[in-house]
1. Across the stretch 39-83, what is the number of residues that are in contact (Cβ under 8 Å) with a residue 40 or more places away in the chain and surrounded by fewer than 10 Cβ atoms within 10 Å (Cβ to Cβ)?
2. How many of the residues in the stretch 18-44 are touching a Lys or Arg at 6+ places or on another chain (Cβ under 9 Å) and more than 20 Å from Leu64 (Cβ to Cβ)?
3. From the list Ala97, Ala86, which one is surrounded by 11 or more Cβ atoms within 10 Å (Cβ to Cβ) and farther than 19 Å from Pro4 by Cα?
Amino acid sequence: MHIPEEHKKLLKELGLEDGDFQCFDGESVSYEFDETRGVRLYDPYYRTSYQEYIEVDGWSAWSLEKDTFMSDLLEDTRAEVARAQAEIGKPSQEDIAKAMQKRFGKKRV
């Protein structure tokens, strides 16, 4: 799907990244442009990096509405998730290998 540069600029203001434009196929991911409202994204399955709310019909808010409902709602939650993940930490490759060996080591296919 061809996207003019001036529309790409507006879509990036919504939070899209350069790689997201490869997802635009005109069916499962597309957009609309209106001179008075800007652009809005059709992405019902969140295939792009768009982080805001997408309506049940698959459409985002118009870019000139500056809708940040989801970001505002989840701002404190994201900080809490980051804090919890830092506390817990990731298991090492050795820990994962040991757990896999313990769980599946005796079975042969």
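No value in this document is a laboratory result; all are computed from the given coordinates. The structure displayed is predicted, hence computed values, not measured ones. Here Cβ is always computed from backbone atoms with ideal geometry, including for glycine, and neighbour counts include all displayed protein chains.
1. Restricting attention to the stretch 39-83, the residues satisfying the condition of being in contact (Cβ under 8 Å) with a residue 40 or more places away in the chain are 60, 63.
When the remaining residues are screened for being surrounded by fewer than 10 Cβ atoms within 10 Å (Cβ to Cβ), the result is none.
Total satisfying the criteria: 0.
2. So in the stretch 18-44, the residues touching a Lys or Arg at 6+ places or on another chain (Cβ under 9 Å) come out as 18, 20-21, 23, 28-29, 31-34.
Adding the requirement that they be more than 20 Å from Leu64 (Cβ to Cβ) leaves 18, 21, 23, 28-29.
Qualifying residue count, the stretch 18-44: 5.
3. Values: Ala86 fails: surrounded by 11 or more Cβ atoms within 10 Å (Cβ to Cβ).
Within the list Ala97, Ala86, the selection yields Ala97.
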